[in-house]
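Structure first, commentary second.
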Amino acid sequence: MTMQGIQAAAQSSGGMLYLMALLLLVALTVIIERGWYLWRVLTQGTQLIKEVTGVHKVSKEAFEALVVQHPDLPHAKVLEAALHHNLEHDFDRISDKLEESVMREAPHVDRFLWVLDTIVTLAPLMGLLGTIIGMFNAFQVLGDVSNSPTKVTGGVAEALLATACGLFIAILGLVALNGLNNRVRVIMHQMETLKMMLLNRLYPHYHESYEEQKKVLAGVRARSVA
């Protein structure tokens, strides 16, 4: 189709093709930006979890090095919550703080995906609206007896182009959205896994503190009896 034909189809659809071109541009921008960001987070998160797996007890120096190495990684915020926790508090407090850090990072992970979800729903509807407008324009040709039937069929074909464009954008966006949502799910699972790994490695600190407290209480009781 020539440029003049595209312009004619866009005008017959009431300008909907221009709006759908804008939707396609926005969708591609979100897909590329989120795809690159989530791929980077997923790759670095996998490497970070492998490094934490080799640590059997919380090491402040090692974890601080990981935070410095991955400052923009959502997983690093979970590590910071564990490093800044006061070990004299109850064990349940650290679990709540780690869960809070995970929930704080969730909006950053799936940011802008609502835009892509909206485009997937909106593009077919705009295409259908453009087709309806084009059909009105095509059937108005029948009011003039001097027009040939080919003008009607040509107008209908141009009107259907809007629906085709809307479906194309929706299909492209839906495939990309499912792929991005799957990456978000894996990243959130990584952070939940990291949370459990930190809790398991923090437990010895609380267990040692508890044993020391028992010894102190036993000594106090022995002196009070004597």
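The values are calculated or read from the model by the stated rules, or taken from the named source; none is laboratory data. This structure is a prediction, so every number in the text was calculated from the model and none was measured. All Cβ positions, even for glycine, are placed from backbone atoms using ideal geometry, and neighbour counts span all protein chains on display.
Selection within the stretch 46-79: residues that are assigned to a helix (DSSP H, G or I) and among the β-branched types (Val, Ile, Thr). The member of this set that is surrounded by the most Cβ atoms within 10 Å (Cβ to Cβ) is VAL78.
Is it true that THR43 is surrounded by fewer than 12 Cβ atoms within 10 Å (Cβ to Cβ) and of a type in the set (Val, Ile, Thr)? Taking the combined requirement at face value, the residue satisfies it.
Of all residues in the stretch 125-146, none satisfies being under 30 Å from GLU33 (Cα atoms), β-branched (Val, Ile, Thr), at pLDDT 65 or above and in contact with a helix residue (DSSP H, G or I) (Cβ under 9 Å, 6 or more places away or on another chain).
Being at pLDDT 95 or above, surrounded by 13 or more Cβ atoms within 10 Å (Cβ to Cβ), under 20 Å from the mean Cα position of the chain (by Cα) and closer than 30 Å to VAL30 by Cβ is the requirement here; does LEU174 meet it?
Working: at pLDDT 95 or above: yes; surrounded by 13 or more Cβ atoms within 10 Å (Cβ to Cβ): yes; under 20 Å from the mean Cα position of the chain (by Cα): yes; closer than 30 Å to VAL30 by Cβ: yes.
It is true that LEU174 is at pLDDT 95 or above, surrounded by 13 or more Cβ atoms within 10 Å (Cβ to Cβ), under 20 Å from the mean Cα position of the chain (by Cα) and closer than 30 Å to VAL30 by Cβ.
Has the stretch 48-64 got any residue that is at pLDDT 85 or above and either hydrophobic (A, V, I, L, M, F, W, C) or in contact with a helix residue (DSSP H, G or I) (Cβ under 7 Å, 6 or more places away or on another chain) (or both)? Looking through the stretch 48-64, at least one residue is at pLDDT 85 or above and either hydrophobic (A, V, I, L, M, F, W, C) or in contact with a helix residue (DSSP H, G or I) (Cβ under 7 Å, 6 or more places away or on another chain) (or both). Every condition in (1) farther than 19 Å from ALA164 by Cβ; (2) among the hydrophobic types (A, V, I, L, M, F, W, C); (3) modelled with pLDDT of 80 or more is met by ALA82 except one, and the failing one is (3). List pairs: first residue in the stretch 1-29 and over 28 Å from LEU113 (Cβ atoms), second residue of a type in the set (Phe, Trp, Tyr) and at pLDDT 80 or above anywhere in the structure, Cβ distance under 9 angstrom, at least six positions apart or on different chains. Close Cβ pairs (under 9 Å, with a partner that is of a type in the set (Phe, Trp, Tyr) and at pLDDT 80 or above) amount to ALA10/TYR18.
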